Amino acid sequence: MISSGVLERPGWWRSAGIALGLGFAAAPALILIGPLFTVGAGTGFGAGFPDAVGRSLLVAAGAALLSLAVGLPAGLVTSLYQFPLRRPLVGVLALPLLVPSFLWAIGLARLRVEAGLARDGLLSGASGCVIAFAALGIPLVVYATMAAARGITQSQLDGVRLATGESAVLRYTARNVLPAAVLAAVLAGVLSLSDPGPGQILGYSGVATQILVSFSALYDFDLAARQCLALGALVLVVVAPLAWWSADRLSAQLFGRDVRGAKLYRTLPARIVGPFLLAGIVVLTTVLPLAGHAWPATRRLMLSRAFAEVTRTAGNTLLYAVLAAAIAVLCGVILAICAGRDQRRQRLLLTALLVLLALPPALGALGVVQAASLAPQELDFLFRGRFTVGAVLALRFLPVATILLLRSTSSSSPSWAAAAAVHGVGLARYLRRVLVPLLTPVATVAALLVALLATAEVGTVLLVQPPGEPSLPVAIFTVMANAPESLVATLCLIYIGGAAIILSLAMAALSVENG
Amino acid sequence: MTPLVELREVSRSFGANCVFGGVSLVIQPLENLALVGPSGCGKSTLLRLIAGLDPPDAGEVWISGGRASSAAQVLVPPHQRRLAMVFQDLALWPNLSPLDNVALGLSGTSMANRERARRSMESLELCGIGALARRKLSSLSGGQLQRVALARALAVQPKLLLLDEPFAALDLTVKAALYEQIRRLSAKERITLVMVTHDPMEATALCSHGAVLERGTIQERGEFSRLLTNPLSETLRAFVKQLPPRGRTD
């Protein structure tokens, strides 16, 4: 019988488990590097690649700055103060994160047309892309700020409040949460580099579009791989040092034993500013693009055709999402248990997870395509089937599931396993009776989140889907150029409605967990 | 008489930080011992070595005349040492009811499920909380939770009960009731107590003997009546100052 005590003891299996898990997640990208060094491998990146990189960097920097400028103050107010409608507004903020970015871009593009705004105005080109990507970045910064602020205790805040007043509380909290907020903003910017959707729709295509075109239109896999690796290297240079720098404080804030934050304070200015600030963000990130979809849909709602499309793709969409969620949560649980409470190991794992999340998703997808071309035909079920899509999506969102689960395992009491060891409760029974039931609510939320994020991921599915097996967002992405605008609008509204329902379920599960 | 616990020159370090080195200590059956000392001196670590949750870096731990741990090795696993432990944070499994906590705590025995349920209920009743057996842990008070932890520990019928500052968060009234209950149960069930505490009242209320762990070694050890009349260590001198006059003479 293996003692439950092993869960709280050091052991070689911890490092081995983490190395195996991260190796599994990084394997597709590593496969892609090999052919670069073979004799006769090409070297160029294609005409226009440097310009595309420049355009992408401009949009990424703009999105990151806008996200930080709006998200940090909103996050601070939300972390510290109680105000009317705080809870529902914080929930609605998550919606843009769970819907493909190109859907918001379509909404913004339609809004520009319907409202008769200038073709080269704010809602198109680089500025349109910045707004579309900031719709994802702002909520990310708000949530990162809120998570980091939980590391500040009630007594710390009370001390500052008593000594110097409310403005000092804001400054003190801002100093503490800044690394997390900056990291989230940079992550939002970096993620925009590898997202082809908004650029293609708003007429400012960047490096991600170049990769997609090289692979899907020019059928030049090697060129796409080289472009993707170059983008990956660029991301590594930006994100790896930042992730390492912020991981120390982040891991203490996220994985500390006492993660119960300070109580929300009530002040009159916060009661006024808070709702306006969050409602303003919701309008910018959600209501405006939704209005763009609703406008053509009010003229004609093509429900029957839209539902036919939804029915055709529902099976794949669900399968990809369920597979991604199951694999990511399973690997996340293993990684979280392997990381244990050792702060150095937690910091290393967090850094690696942040870097993995920031890497272009096309790296993993093209790696799998490469592996499929090298593997014998008997392994096609592994590399070319629908399972492959789910697995690649799971690896893509493994960091999200792992961070959530790590937070849960590291805030549990170390004495639980010790008590189980004293009483002779074996590891298997302890896992079954205690640890797994305790992790279930968080694992459920992680699974729902991964399922939604995986569903919203278009680039990966486009690259690895078996022929004729698209998910709903990929189907929308494919038909958006040729289908009637009201059909696209109806499809987008159905998708956003579905995401909103699942988000409500996740919020309900979270409030049950929090009692 | 075979000692119940014998520590022979045990040492423990965490990285470069040596918590204690060459500690030897003998605990005879029914010799209730309070382990006292300043914060961070290694009292809880010593308790974990006795329980077999950690091995010593050097030295040996003997339980009931058998070698249980040696350098970097746990030879007898915790659940085969005939001991139980009440942790500082109680370590109750929060998703289980009091009854299930106690029943799962009997996993190390070879009892059938029905027998396990009966023993668990008996143990909860012994601790005066039989009526709360199926309640949620979150609905219980601090004192009731202490009793659940105690019931889980007593259900395995241990010879040795290790208490790691379990009463720190309780008010005086609840503490007094629990002291009385533990004293009664340890006498009735013939259980030896080894308790880590900072509280002189608690130490003298439950234990006849004391050992002072200071600066990495056992500084003093013996009956409290003798130790408190002529304290040599800083810890015991501080203890004497805190005790009421009657407590000192007792």
Worksheet item: Which lysines, on any chain, are close to A:Lys263 with Cα under 26 Å apart, when same-chain ones fewer than 8 places away are left out?
Response: B:Lys136
Item to complete: Determine the shape class of chain A: with a ≥ b ≥ c the square roots of the Cα gyration tensor eigenvalues, call it rounded for a/c under 1.5, and otherwise prolate if a/b is greater than b/c, oblate otherwise.
Response: oblate
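If you roll a 1.4 Å probe over the heavy atoms of the protein chains, what accessible area per residue do you get for the protein assembly as shown, in Å²? Mind dumping the intermediate values first?
Numbers: 32350 Å² over 765 residues.
Heavy-atom accessible area per residue stands at 42 Å².
Using just the helices of chain B, give the 222 nm mean residue ellipticity in deg cm²/dmol: DSSP H runs with n ≥ 4 each add -39,500 (n - 2.57), and the total is spread over all residues, rounded to 500. Could you put the intermediate results ahead of the total?
Numbers: 9 runs with 87 residues, N = 250.
The per-residue figure over chain B is -10000 deg cm²/dmol.
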Worksheet item: Residues of the range B:80-99 with accessible area at least 40 Å² lower in the all-protein-chain context than alone (1.4 Å probe)?
Response: B:Phe87, B:Asp89, B:Trp93, B:Pro94, B:Asn95
Practice prompt. May I ask for the distance between the Cα centers of the range A:446-491 and the range A:256-315, given as a whole number of Å?
Written response: 19
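With a Förster radius of 51 Å, plug the Cβ-Cβ distance of A:Arg341 and A:Val479 into 1/(1 + (r/R0)^6) and report the FRET value to the nearest 0.05. Please list the in-between numbers first.
Values: r = 50 Å, r/R0 = 0.98.
Computed FRET efficiency for A:Arg341 and A:Val479 comes out at 0.55.
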Worksheet item: To the nearest 0.05, how large is the calculated FRET efficiency for A:Arg300 and A:Val322 if R₀ is 25 Å and r is the Cβ-Cβ distance?
Response: 0.15
Fill in: Cut-off under 5 Å, modelled amide H: who pairs with B:Ala58 long-range
B:Ser11, B:Ala72
Fill in: All aspartates and glutamates inside 15 Å of B:Lys175 as judged from Cα atoms, apart from same-chain residues fewer than 8 positions distant
B:Asp164, B:Glu165, B:Asp199, B:Glu202
Practice prompt. For B:Val86, list long-range residues whose amide hydrogen, built 1.01 Å from N in the peptide plane, is under 5 Å from its own amide hydrogen.
Written response: B:Leu162, B:Leu163, B:Asp164
Practice prompt. Measure nothing fancy, just the Cα-based angle from helix B:113-126's long axis to the longest principal axis of chain B, in degrees from 0 to 90, nearest 10.
Written response: 60
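Tally Lys/Arg at +1 and Asp/Glu at -1 over every other residue whose Cβ is under 15 Å from the Cβ of A:Val422; what's the total?
Numbers: positive: A:Arg9, A:Arg429, B:Arg48, B:Arg81, B:Arg82, B:Arg152, B:Lys159; negative: A:Glu8, B:Asp54, B:Asp89, B:Asp164.
For residues surrounding A:Val422, the net value is +3.
Quick check: from the Cα gyration tensor, does the range A:257-360 come out rounded (a/c under 1.5), prolate or oblate?
Numbers: a/c = 3.02, a/b = 1.21, b/c = 2.48.
Oblate shape, in that a/c is at least 1.5 and b/c is the bigger or equal ratio.
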Item to complete: Counting only DSSP beta bridges with both residues in the protein assembly as shown, tell me the antiparallel percent, nearest 5.
Response: 60
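If you take every DSSP beta bridge fully contained in chain B, what fraction is antiparallel? Give it as a percent rounded to 5. Could the numbers behind the result be given before it?
Numbers: 23 of 39 bridges.
About 60 percent, rounded to the nearest 5.
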Discussion item. How big is the dipole moment of the protein assembly as shown about its Cα centre under a simple scheme where the beta carbon of each Lys and Arg is +1, that of each Asp and Glu is -1, and everything else is neutral? Debye, nearest 20, please.
Written reply: 1480
Discussion item. Give me the one-decimal nm value for the distance between modelled label points at B:Asn95 and B:Ser141, 7 Å along each residue's Cα-to-Cβ direction.
Written reply: 3.0
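Between exposed trypsin sites (Lys or Arg not before Pro) in chain B, where DSSP calls loop and at most 13 other Cβ atoms lie within 10 Å, what's the longest gap?
On the way: sites that count: B:Arg134, B:Lys136, B:Arg190, B:Arg215.
Counting at most 13 other Cβ atoms within 10 Å as exposed, the longest clean stretch of chain B is B:1-133.
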Practice prompt. Can you spot the aspartates and glutamates whose alpha carbon is less than 14 Å from B:Lys159's alpha carbon? Ignore those fewer than 8 places along the same chain.
Written response: B:Glu31, B:Glu189
Practice prompt. Could you state the angle between the C-alpha long axis of helix B:172-189 and the longest principal axis of the C-alpha atoms of chain B, as a value from 0 to 90 degrees rounded to the nearest 10?
Written response: 90
Fill in: Förster radius 25 Å - calculated FRET efficiency between A:Leu505 and A:Glu469 (Cβ-Cβ, nearest 0.05)
0.40
Discussion item. Can you give me the C-alpha center-to-center distance between the range B:190-231 and the range B:91-148, rounded to a whole angstrom?
Written reply: 30
Item to complete: Rounded, prolate or oblate: pick one for chain B, where a ≥ b ≥ c are the square roots of the eigenvalues of its C-alpha gyration tensor, a/c under 1.5 means rounded, and failing that, prolate if a/b is larger than b/c, else oblate.
Response: oblate
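The values are calculated or read from the model by the stated rules, or taken from the named source; none is laboratory data. Here the structure is a predicted model, which is why all the values come from computation and not from measurement. No Cβ is skipped: glycine too gets one built from the backbone with ideal geometry, and neighbour counts run over all protein chains shown. These area figures cover heavy atoms from the full protein model, side chains too; ligands, DNA and RNA do not enter into them. Shrake-Rupley method; radii C 1.70, N 1.55, O 1.52, S 1.80 Å.
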